Amino acid sequence: MSLAGLGTAAVLLACGPELPRSVKPVGQSGVDVWPDVAAPLPARHDGRRDAALIVSVEDYTHLPDRPGAHAVAGAWYRYLHDVRGLPHRRIRWLRAPGGPEAVGAALSKMHWRVKRDATLWLIVIGHAGTPIGGSPVLLGPSASASDWRGGIPLGPVLRFAGHGMHRELVAVLDGCLPEGTAHRGSSGLAAPGLPSPPDYAAPQRMTVSEVSAGLIAMVEETLMRVMEDTVQRGREPADAVMFTPGLGAHCRERLPGTDTPALSYLLLGALRGWADADRNTRVSAVEALRHIDLLLRAGAHKDPERPRPQARGSDLTLARGVSERGPSPTGGHSPVDEATLLADGGQFIDERMQKIDRGRFTLGCRSRRDPDCEADEQPARQVHLDSFMIDRHEVTWKDYAACVAGGGCSTIATARCEVWTGDAFVRGAALAPAFLGEDHPVVCATWQQAGDYCAWKGKRLPTEAEWERAARGPEARAQYPWGDSPPTCARAHTHECGATTAPIGQHPAGASPDGVHDLAGNASEWVADWYDKRAYRHDSRRNPAGPQRGEVRVVRGGSYYDGLGNLRTSYRYGLSPQWGYGTVGFRCAR
């Protein structure tokens, strides 16, 4: 290499921090029991458009130190740079950060450097606290049990990171509440584009249940805010997932048998391939949480307060092309079997979608003797569906407006919509203002517009078999999503309950066994299939998707316009996909 080349290499090396060559936690007995998460892996460079902010606090003046926080954070830096290919200028690592201003400035810089349709990573390792009325706070190096000043409130950080041109946000909040440091208070984050911090309230004692409630409320608020479009910055990210080590006594700060931070270490291992249980060389958020949970519980199987890590958000694919085998939950840590470890384990919570497990169910009208059964609902038959995700709620006007603002959807034209006026369906009639509430299901979208929205979200329209499985539940015996009891206005929004649509999610008593709302009443829904009245006689028994061509598309579920018979889970009909209908909305699947 020439002298000029050596000089350039030296400059590039100087751009990054000094990284650990090995992060291999040592057990309390002095024996290595955990693999090295800083060991080299084949470079994929599939994240060159991503950006990351890593924050770690290891040395505390008045609180117990967090040994290994910087080492694990450095291993994350090495993984993101060496394996995923993030350039140094799109990774910022703050060790013992100077305060909210420093974190805010670094986040703002990474927020603008992440590329369109890429992933923004946020890795936080340190002690954490949760003041009621505020968001979780990463406690600074000088924090004490009675004074949290200088702490970094994570709620505004997450809300800010959740908007922009990037498609995904992956957040890892590795910190538990130190014993005796739970307080009431409030805080904000001063940084470019973020709210200014109000003064801290006087510290007061609060219970673990209050801490848990405050954290859960913050997470839910954050994920709702992520769904809001920020037009000035392009479009919203499609999905976000947030990992936490648990709440209250179930929170686990240390790796079993060591002093090393647990969640951030285990998640990094999961991304190296440890969590790839089905050996398809991909690791999803659900797989990662399951493996983290198993390894934590293996080291605490006799503890009455077993670890309960959580992940909230969407089941993103976190890594591809991975094959490294990690430690076994049942080998070397505990003789307890995996089934025991899985009982009452960690929880993956998708705030917007419901996972439906693979399996068989009965598609179609359950009895030929039922007078309500129609010919196109028969014959009922057992079909097998692979696992899938489906939206808990119908897509709203607010959701659709975000897609239009982001350039993914065309504006809905009521001139191409069949609208019920109270006397007749009239093409081009105006929708009454009562239809247009931002939390009402969007109607009048054509089948193509519905598909475009789902594609913009990285999803798709469900097949009618998936839709019916979500409505029926695993037993597939009930006539309606809630069971066989007749519809009421508490269970479904029908013509007896109002002359227009209603806000989504207002009928929890009518939710399906899997917790999916408004599958009967409010708005009927487009699904992916072409309609054929004889489809059930000829379609596949494994993942049926309807005929390959047709003239009309299938619509499922009753609407505010319909009576009792049209609310049945097996009821189906077809409409022209080139028109919109004031009674028809949609939801997405993945």
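Yes/no matrix, rows are residues, columns are (1) touching a residue at least 24 places away in the same chain (Cβ under 8 Å); (2) among the aromatic types (Phe, Trp, Tyr); (3) crowded, with 22+ Cβ neighbours inside 10 Å:
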residue: VAL527; (1), (2), (3): yes, no, yes
residue: ASN543; (1), (2), (3): yes, no, no
residue: PRO547; (1), (2), (3): no, no, no
residue: VAL555; (1), (2), (3): yes, no, yes
residue: SER570; (1), (2), (3): yes, no, yes
residue: GLY580; (1), (2), (3): yes, no, yes
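Residue-by-condition table, conditions (1) touching a strand residue (DSSP E or B) at 6+ places or on another chain (Cβ under 7 Å); (2) at pLDDT 95 or above; (3) aromatic (Phe, Trp, Tyr):
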residue	(1), (2), (3)
TYR60	no, no, yes
PRO64	no, no, no
PRO67	no, no, no
HIS70	yes, yes, no
HIS81	yes, yes, no
LEU86	yes, yes, no
ARG95	yes, no, no
GLU101	no, no, no
LEU107	yes, no, no
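Residues in segment 276-295 include none that are at pLDDT below 75 and not assigned by TED's automatic domain parsing to the domain that holds PRO481. For segment 437-451, the criterion of being charged (D, E, K, R) and either part of a loop (DSSP other than H, G, I, E, B) or buried (at least 24 other Cβ atoms within 10 Å of the Cβ) (or both) is satisfied by at least one residue. Looking only at residues in segment 254-275 that are surrounded by 22 or more Cβ atoms within 10 Å (Cβ to Cβ) and part of a loop (DSSP other than H, G, I, E, B), the one that is modelled with the lowest pLDDT is PRO256. Sub-7 Å Cβ pairs linking a first residue in segment 485-497 that is assigned by TED's automatic domain parsing to the domain that holds GLY563 and under 17 Å from HIS517 (Cβ atoms) to a second residue that is among the β-branched types (Val, Ile, Thr) and surrounded by 22 or more Cβ atoms within 10 Å (Cβ to Cβ), at least 6 apart or interchain, are PRO487/THR494, ordered by first then second residue.
Could you list all residues from segment 490-513 that are buried (at least 22 other Cβ atoms within 10 Å of the Cβ) and of a type outside the set (A, V, I, L, M)? Correct list: ARG491, HIS493, THR494, THR501, HIS507, GLY510, SER512. Of all residues in segment 473-483, those satisfying the criterion of being over 24 Å from the mean Cα position of the chain (by Cα) and surrounded by 20 or more Cβ atoms within 10 Å (Cβ to Cβ) are ALA476, GLN479, TYR480, PRO481, TRP482. Residue check: GLU525 meets all listed conditions (1) within 22 Å of ALA589 (Cβ to Cβ); (2) in a loop (DSSP other than H, G, I, E, B); (3) not polar (S, T, N, Q) but one, namely (2).
Among strands (runs of 3 or more DSSP E) entirely within segment 300-378, having at least 2 residues that are at pLDDT 75 or above singles out 310-313, 317-320, 353-356, 359-363.
The values are calculated or read from the model by the stated rules, or taken from the named source; none is laboratory data. In this text, all values refer to a predicted model and were calculated from it rather than measured experimentally. Reconstructed Cβ throughout: ideal geometry from the backbone, glycine too, with neighbour counts over all protein chains shown.
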